[in-house]
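Before any comments, here is the structure.
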Amino acid sequence: QVQLVESGGGRVQVGGSLRLSCKTPRAITSVFRSRSMGWYRQAPGDDRELVAAITSGGAPNYADSVKGRFTISRDNSKKVVYLQMNNLQPEDTATYYCAADLDGTTSEPNDYWGQGTQVTVSS
């Protein structure tokens, strides 16, 4: 069973920053390295949407709404994927979910999911 543990959510004012982390404590480093990882978000009443993803080769993919503001990265030695979120806006308020995929080339990982971390942006 793949375990994804998110952290870093919270409340921030408009224009602020947060960094989300997704740890995979049970993964073997070589296995983590081979997976695509990503972040999705879901606001109340909305569908879950892809925010950003990163392949096993390090290629990022972003939703248009976050390009230039969010950065996804991974540290394979620590088995962690990060989402740096800058210039946060009220529309970024949502529960953010980490995802992993056995296919290391996919830009939409969705095999495994974390429990989510709440991000609230207040004006």
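The values are calculated or read from the model by the stated rules, or taken from the named source; none is laboratory data. These numbers were taken from a predicted model, which means no experiment stands behind them. FYI the Cβ positions are ideal-geometry reconstructions off the backbone, even for glycines, and counts take in every protein chain you see. All accessible areas refer to the heavy atoms of the entire protein, side chains included, with ligands and DNA or RNA removed. Shrake-Rupley method; radii C 1.70, N 1.55, O 1.52, S 1.80 Å.
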Inset, instruction - Might you let me know whether region 61-68 holds any residue that is in contact with a Cys (Cβ under 9 Å, 6 or more places away or on another chain), in contact (Cβ under 8 Å) with a residue 40 or more places away in the chain and assigned to a strand (DSSP E or B)? - result: no
Inset, instruction - Go through region 35-54 and count every residue that is open to solvent by 20 Å² or more (accessible area, probe 1.4 Å) and either in a strand (DSSP E or B) or under 18 Å from Gln84 (Cα atoms) (or both). - result: 4
Inset, instruction - Report yes if some residue within region 85-103 is open to solvent by 40 Å² or more (accessible area, probe 1.4 Å) and farther than 20 Å from Val14 by Cβ; otherwise report no. - result: yes
Legend entry - Residue match in region 85-105 (condition: in a loop (DSSP other than H, G, I, E, B) and of a type in the set (D, E, K, R)): yes
Legend entry - Residue that is nearest to Tyr40 (Cα to Cα), among those in region 69-84 that are part of a strand (DSSP E or B) and not β-branched (Val, Ile, Thr): Leu83
Legend entry - Within region 5-34, considering residues that are part of a loop (DSSP other than H, G, I, E, B) and at pLDDT 95 or above, the one least open to solvent (accessible area, probe 1.4 Å): Gly16
Inset, instruction - Return yes when Glu108 is in a helix (DSSP H, G or I), of a type outside the set (Ser, Thr, Tyr) and surrounded by fewer than 15 Cβ atoms within 10 Å (Cβ to Cβ) and no when it is not. - result: no
Legend entry - Sole exception among (1) buried (at least 17 other Cβ atoms within 10 Å of the Cβ); (2) farther than 13 Å from Trp39 by Cα for Val80, by number: (2)
